[in-house]
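Asker: Can you read through this structure? Questions will come right after.
The values are calculated or read from the model by the stated rules, or taken from the named source; none is laboratory data. All of these numbers come straight from a predicted model, not from anything done at the bench. Here the Cβ is made from the backbone with ideal geometry for all residues, glycine too, and neighbour counts use every protein chain on show.
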Amino acid sequence: MPRPVRRLLACVTAAVVWSGGLGAVAVTAGVVATATPAAALDNGLATTPPMGFNDWNAFGCDVSEQLIEQTADYFVTSGLKAAGYTYVNIDDCWMTHTRDAQGRLVPDPVKFPDGIKGTADYVHSKGLKLGIYEDAGTATCAGYPGSLGHETTDAQSFADWGVDYLKYDNCNNNSDGTRQDFINRYSAMRDALAATGRPIVYSLCEWGQQNPWEWGADIGNSWRTTGDISDNWASMLSITKSNLPLAPYAGPGHWNDPDMLEVGNGGMTDTEYRSHFSLWSMMDSPLLIGTDLRKATPETLAILGNKDVIALDQDPLGAQATVLAQTGDTYVLDKKLTGGDRAVALFNSGDTAQRISTTATAAGLPKRAGYAVRDLWSHTDYQSSGTLAATVPAHGTVLLRISGSALSAVTSLANPPLLDTGVTGAATHIQPGQTAQLSSYVTNLGTLPATKVSVKLTAPGGWTVKPAGSGSSLLLLGGASLKTPWKVTVPAGTAPGSYPLDGTVSYRALLGKKTVTVPLTGSVTVFVPPPAGTSYLSDLGWTAATNGWGPVEKDQSNGETAAGDGHPITISGTVYAKGLGTNAPSTVTYELGGLCSTLDTTVGVDDEKNGKGTVDFQITADGTKVADSGVLDHAAGARTLHAGLTGVQTVQLVVTDGGDGNDSDHADWADPRITCS
Ligand code: GLA
């Protein structure tokens with residue numbers, strides 16, 4: 001069972017790494033760091049971010065020669081090798097617990113009957129490369145012999161075995177906590193690798209502890225920027241937010257590494273995995289597949305094998321995307337590409353569909369009469385007169401590549417015009433049993449007209465959707481919009497939450513004969529207004545909840561990953577019968593319909609992690625922060641928070657990791673009471 005093993009090791013890691021509390025990386029999204037990059041490591045490797053596989057995310061300690069060789073086979077037969085995936089990497093737990101008489105590392109003879117050399121030979125015979133794992137400490141995170149003090153011997157073993165890539169971890173490091181100590185430990189292995197004369201990609205894994213982006217470029221080919229990823233949305237998003245501001249530090253041969261991919265592991269939806277893969281590619285991250293490829297679904301393979309998206313990651317310019325705009329939880333990311341092209345990601349990190357827009361010139365393209373725009377997930381070419389906009393589903397990403405060529409400004413006129421489509425209206429919040437009128441819109445962002453435009457809207461089963469106006473247009477001029485009113489009825493008894501209200505728009509280019517169909521994206525929030533009087537939030541239905549570890553629990557602490565596995569909510573020995581047990585980073589959303597006046601709650605780190613955990617509790621009202629506990633650790637005990645909510649539609653209970661990563665961040669909202677009329 002890889003999961004429990006992995007959890008255990010994550011805890012081991014945490015104990016070693018984060019014992020110093022708040023000293024770890026604290027990078028705020030939206031803040032653009034200014035870089036004075038060190039000279040790049042002179043090994044001529046990783047001129048584009050390394051692509052391959054690593055067993056850790058899916059298998060934990062269950063690594064074996066058979067797994068590595070079958071993965072290599074699969075790279076070849078599935079087309080992933082042809083798509084650029086090259087390194088097949090072994091993580092922790094590949095060796096025995098003791099060195100041999102000459103002080104050399106010994107591959108586990110049961111897991112690797114042909115040794116690392118035999119495994120490397122096999123992988124090389126497939127035209128691929130082999131990676132391995134070691135640790136800049138006395139032991140690896142799983143407790144196998146570390147390389148500290150053995151760098152020369154171990155680097156020589158790796159070279160003798162034919163290893164092509166080394167991930168170098170940071171557990172059990174005996175560090176005095178200074179940056180110089182980190183530089184010394186990681187440089188020692190760099191020099192040992194160089195002395196072997198074998199080209200070996202060198203991947204630093206010190207979890208962003210000493211801001212390795214500031215010193216890693218002349219030591220390694222990449223450096224982890226954060227703690228370990230987990231297979232859930234909150235983890236992926238929080239790592240993205242830490243990694244985005246580090247764009248100035250990345251470049252050919254020296255990359256920010258936000259950790260390995262979770263695509264395909266089951267903890268996120270395919271929409272979320274597409275965002276994960278889009279973001280990693282926009283951020284020039286190493287693309288190391290972390291799933292069991294032998295069981296991968298066609299959807300997983302379509303994501304990992306998307307050559308249009310991989311081309312962004314592998315663009316020879318090596319310019320990590322920057323944040324062009326951030327509004328609330330929507331982002332516009334912009335990536336410079338060779339030949340003057342740009343990639344633009346419209347990323348919606350929020351829990352409901354949102355419209356996101358920018359322009360080609362804002363993204364850095366020269367002013368032209370029009371632009372060729374390719375949608376990198378639908379693989380369709382469009383034409384835009386300059387605006388780039390879409391309604392993006394919750395947790396989704398629209399990824400566009402805009403051509404910088406002057407000629408394409410003319411040739412793209414033959415493409416169908418880019419459309420901006422979506423569902424709007426004040427009434428996107430509907431109560432069960434009620435009918436509301438919404439509008440869909442279709443705006444032609446192209447230069448030439450779209451013809452035979454036809455809009456379809458579909459809703460979840462049992463709902464009714466009826467047009468209350470025209471849903472088609474024979475000719476929609478460039479810049480013009482078709483707005484269609486719809487009457488939507490939500491059946492009685494529908495549970496609170498966000499529901500998709502999707503559809504399609506079909507149309508033709510002016511000179512085209514083929515009908516193009518694009519998605520129409522919207523969502524409706526179904527809510528039940530809180531009853532008059534004072535209620536516990538744990539007795540009401542939230543409309544959305546995200547949590548850093550397992551689900552948000554009602555009237556119990558977070559516990560572990562399973563639902564309902566918490567304990568009585570307990571802060572500093574006081575037990576609370578009512579409340580929400582969360583784990584940072586977490587957001588729980590309630591719709592109030594403007595009917596409530598106050599929210600009062602006690603907050604604190606739960607006793608169940610024995611003194612560990614550092615978090616910050618915040619309450620936001622219609623997107624504005626109205627209460628903040630500040631950073632609390634377990635010793636800080638309980639605090640009370642009060643928020644005035646008069647006229648507020650949406651209240652959110654937010655817990656952040658306090659700036660030190662998510663380690664045992666079990667955060668309680670104890671006795672949260674809301675008063676409504
Ligand atoms: C640390 C690393 C992980 C993984 C494990 C192996 O947690 O950050 O990526 O290599 O060690 O024990």
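Asker: Answer yes or no: is there a residue in segment 625-640 that is at pLDDT below 95 and out of contact with any Lys or Arg (no Cβ under 8 Å at 6 or more places or on another chain).
Answerer: Looking for residues that are at pLDDT below 95 and out of contact with any Lys or Arg (no Cβ under 8 Å at 6 or more places or on another chain), one finds none in segment 625-640, hence no.
Asker: Being more than 23 Å from PRO199 (Cα to Cα), surrounded by 14 or more Cβ atoms within 10 Å (Cβ to Cβ) and modelled with pLDDT of 50 or more is the requirement here; does ASN43 meet it?
Answerer: No, not satisfied.
Asker: Answer yes or no as to whether LEU457 is assigned to a strand (DSSP E or B) and surrounded by fewer than 17 Cβ atoms within 10 Å (Cβ to Cβ).
Answerer: no
Asker: Okay, next question. Output the residues belonging to segment 46-82 that are more than 20 Å from the chain's Cα centre (by Cα) and under 22 Å from GLY220 (Cα atoms).
Answerer: Matches in segment 46-82: ALA46, THR47, THR48.
Asker: For segment 137-156, give me each residue that is assigned to a helix (DSSP H, G or I) and either surrounded by fewer than 20 Cβ atoms within 10 Å (Cβ to Cβ) or at pLDDT below 95 (or both).
Answerer: Selection gives THR152, THR153, GLN156.
Asker: Return the total of residues in segment 161-179 being within 16 Å of the ligand (Cβ to nearest atom) and acidic (Asp, Glu).
Answerer: 1
Asker: Considering only residues that are more than 33 Å from the chain's Cα centre (by Cα) and in contact (Cβ under 8 Å) with a residue 12 or more places away in the chain, look in segment 145-154 and name the one that is nearest to the ligand (Cβ to nearest atom).
Answerer: The extreme case among them is ASP154.
Asker: Within segment 353-362, how many residues turn out to be crowded, with 20+ Cβ neighbours inside 10 Å and either under 25 Å from TYR273 (Cβ atoms) or touching a Pro at 6+ places or on another chain (Cβ under 7 Å) (or both)?
Answerer: Of the residues in segment 353-362, 3 are crowded, with 20+ Cβ neighbours inside 10 Å and either under 25 Å from TYR273 (Cβ atoms) or touching a Pro at 6+ places or on another chain (Cβ under 7 Å) (or both).
Asker: Hand me the list of strands (runs of 3 or more DSSP E) wholly inside segment 369-450 holding 3 or more residues that are farther than 19 Å from VAL309 by Cβ and either in contact with a Ser or Thr (Cβ under 7 Å, 6 or more places away or on another chain) or not hydrophobic (A, V, I, L, M, F, W, C) (or both).
Answerer: 387-392, 419-424, 435-444
Asker: Can you tell me which residue is surrounded by the fewest Cβ atoms within 10 Å (Cβ to Cβ) among those in segment 94-136 that are within 16 Å of the ligand (Cβ to nearest atom) and more than 17 Å from SER64 (Cα to Cα)?
Answerer: Going through the qualifying residues, I end up with ASP135.
Asker: Moving on to the next point. Which residues, counting only those in segment 180-208, are within 16 Å of the ligand (Cβ to nearest atom), within 30 Å of the chain's Cα centre (by Cα), under 25 Å from ALA120 (Cβ atoms) and not aromatic (Phe, Trp, Tyr)?
Answerer: Of everything in segment 180-208, those that are within 16 Å of the ligand (Cβ to nearest atom), within 30 Å of the chain's Cα centre (by Cα), under 25 Å from ALA120 (Cβ atoms) and not aromatic (Phe, Trp, Tyr) turn out to be VAL201, SER203, LEU204, CYS205.
Asker: Against the conditions (1) closer than 18 Å to SER281 by Cα; (2) buried (at least 18 other Cβ atoms within 10 Å of the Cβ); (3) without any contact (Cβ under 8 Å) to a residue 60 or more places away in the chain, where does ASP375 fall short? Just the number, please.
Answerer: (2)
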